[in-house]
Amino acid sequence: MRFASFRGSGGEPRTGAVVRDRVIDLTDFVATLGVPADHAAALASRGLAAPPGGMLRLLHAGPQAMREVAAHVEALSRDDAGQPLAQTALLAPIPRPGKIVAIGRNYADHAKETGVDPFEKPRIIAKLPSSVVGPGAVVRRPAPVTKLDFEAELAVIIGAFASSVPQARALEVVAGYTALDDVSAREFQFDVSPPQTTFAKSMDAFCPMGPWLVTRDEIPDPQTLEVACFVNGEAMQRGHTKDMIFAVDRLIAYITQYMTLEPGDVIATGTPAGVGAFRKPPVWLKPGDRVRIEVSRIGALEHTIG
């Protein structure tokens with residue numbers, strides 16, 4: 001299934017299922033979902049309560065709830081159910097993740113274009129949650145930034161509390177997948193000492209994400225997807241997740257040795273070759289540019305530069 005967060009008529013965030021070219025509002029139904037005892041206990045140990053609604057409530061409710069929602073949607077599905085997708089203002093599937101764990105240079109061709117050998121272990125980078133925006137957003141280039149770059153990525157959305165997960169079971173903690181643009185201010189990443197990579201990737205609106213969450217059952221193997229980026233209609237990146245140095249299951253197993261992944265957390269899995277910084281001459285995003293990120297079996301994420 002495809003689940004989306006979207007803006008209601010009063011501007012409030014709502015949760016829905018995307019069925020064909022329509023969005024079925026599930027906000028009220030999701031708010032009634034119970035949270036399994038293990039999730040409730042994990043939240044309580046952190047001094048937290050289950051989210052009252054929204055996509056995070058759906059993720060905390062677990063796989064059984066996903067099946068209940070699917071049955072509910074099927075019962076509602078008809079040609080005129082919901083509202084037209086074209087008239088819906090989509091938000092990022094997880095408008096404010098708990099954390100975004102980004103992976104640096106995770107494609108061999110990208111590592112090669114940067115002039116480094118493939119890493120022996122994943123390179124972990126943080127993108128701060130306040131950088132997240134949804135489809136159609138305007139990513140405003142801060143006035144001092146001149147080296148604004150794009151990175152098309154497959155994003156993994158976590159659906160369980162996950163600690164010390166064996167690689168063989170790692171995909172079981174995935175709720176689904178979406179597309180992400182890891183927008184980066186390269187002068188803070190490459191031109192200063194010490195490098196400020198997290199800052200370079202966490203400025204306001206530097207994490208467009210969407211258009212929706214595609215559930216894990218729709219993509220049983222995340223290493224079978226094409227990833228592409230277009231700027232003003234021109235292809236800049238074309239890659240395939242089979243070429244990741246560290247596959248999704250290996251990333252989850254590695255990360256959870258050191259930190260617990262929680263429902264709604266996001267892993268940005270790295271980008272293929274073709275980013276602007278390593279083109280000759282470099283290609284930097286400028287106001288008015290249109291960026292389109294495509295991931296097969298997920299769809300397209302579009303945004304502009306302001």
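The values are calculated or read from the model by the stated rules, or taken from the named source; none is laboratory data. Keep in mind it's a predicted model, so treat the numbers as computed, not measured. Don't worry about glycine lacking a Cβ; one is built from the backbone with ideal geometry, like all the others, and counts go over all protein chains shown.
If you check Gly34, Gly47, Gly11, which single one turns out to be out of contact with any Gly (no Cβ under 7 Å at 6 or more places or on another chain), closer than 21 Å to Ala137 by Cα and surrounded by fewer than 20 Cβ atoms within 10 Å (Cβ to Cβ)?
Just one listed residue meets the conditions, Gly11.
Can you find even one residue in the range 121-143 that is crowded, with 19+ Cβ neighbours inside 10 Å and farther than 23 Å from Ala205 by Cα?
Yes: one or more hits.
Identify, by number, the condition in (1) out of contact with any Asp or Glu (no Cβ under 8 Å at 6 or more places or on another chain); (2) crowded, with 24+ Cβ neighbours inside 10 Å that Ala253 doesn't meet.
(2)
Considering only residues of the range 157-208 that are in a helix (DSSP H, G or I) and among the basic types (Lys, Arg), which is surrounded by the most Cβ atoms within 10 Å (Cβ to Cβ)?
Taking the candidates together, the pick is Arg186.
Name the single residue that is nearest to Glu12 (Cα to Cα) among those in the range 65-101 being of a type in the set (Lys, Arg) and at pLDDT 90 or above.
Going through the qualifying residues, I end up with Arg96.
Does Arg20 meet the test of being out of contact with any strand residue (DSSP E or B) (no Cβ under 6 Å at 6 or more places or on another chain), outside the structural domain of Ala160 (by TED's automatic domain parsing) and farther than 20 Å from Ser77 by Cα?
no
Residues are listed down the side, and each one gets a yes or a no for (1) among the basic types (Lys, Arg); (2) assigned by TED's automatic domain parsing to the domain that holds Met259; (3) more than 20 Å from the chain's Cα centre (by Cα):
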position	(1), (2), (3)
Ser45	no, no, yes
Leu48	no, no, yes
Pro51	no, no, no
Gly54	no, no, no
Thr114	no, yes, yes
Ala137	no, yes, no
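Pairs, please: C-beta under 7 Å, at least 6 apart or cross-chain, first residue more than 25 Å from Ile219 (Cα to Cα) and in the same structural domain as Ala126 (by TED's automatic domain parsing) and in the range 173-197, second small (Gly, Ala, Ser) and modelled with pLDDT of 95 or more?
Ser184/Ala200; Ala185/Ala200; Arg186/Ala200; Arg186/Ala277; Phe188/Ala200; Gln189/Ala200
Listed here are the residues, each with its yes/no results for (1) closer than 20 Å to Ala277 by Cβ; (2) among the aromatic types (Phe, Trp, Tyr); (3) modelled with pLDDT of 95 or more.
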position: His110; (1), (2), (3): yes, no, no
position: Lys121; (1), (2), (3): no, no, yes
position: Pro129; (1), (2), (3): no, no, yes
position: Val132; (1), (2), (3): no, no, yes
position: Lys147; (1), (2), (3): yes, no, yes
position: Phe150; (1), (2), (3): yes, yes, yes
position: Ile157; (1), (2), (3): no, no, yes
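Being hydroxyl-bearing (Ser, Thr, Tyr) and surrounded by fewer than 18 Cβ atoms within 10 Å (Cβ to Cβ) is the filter here; which residues of the range 86-120 pass it?
Listed by number, the list holds a single entry, Thr114.
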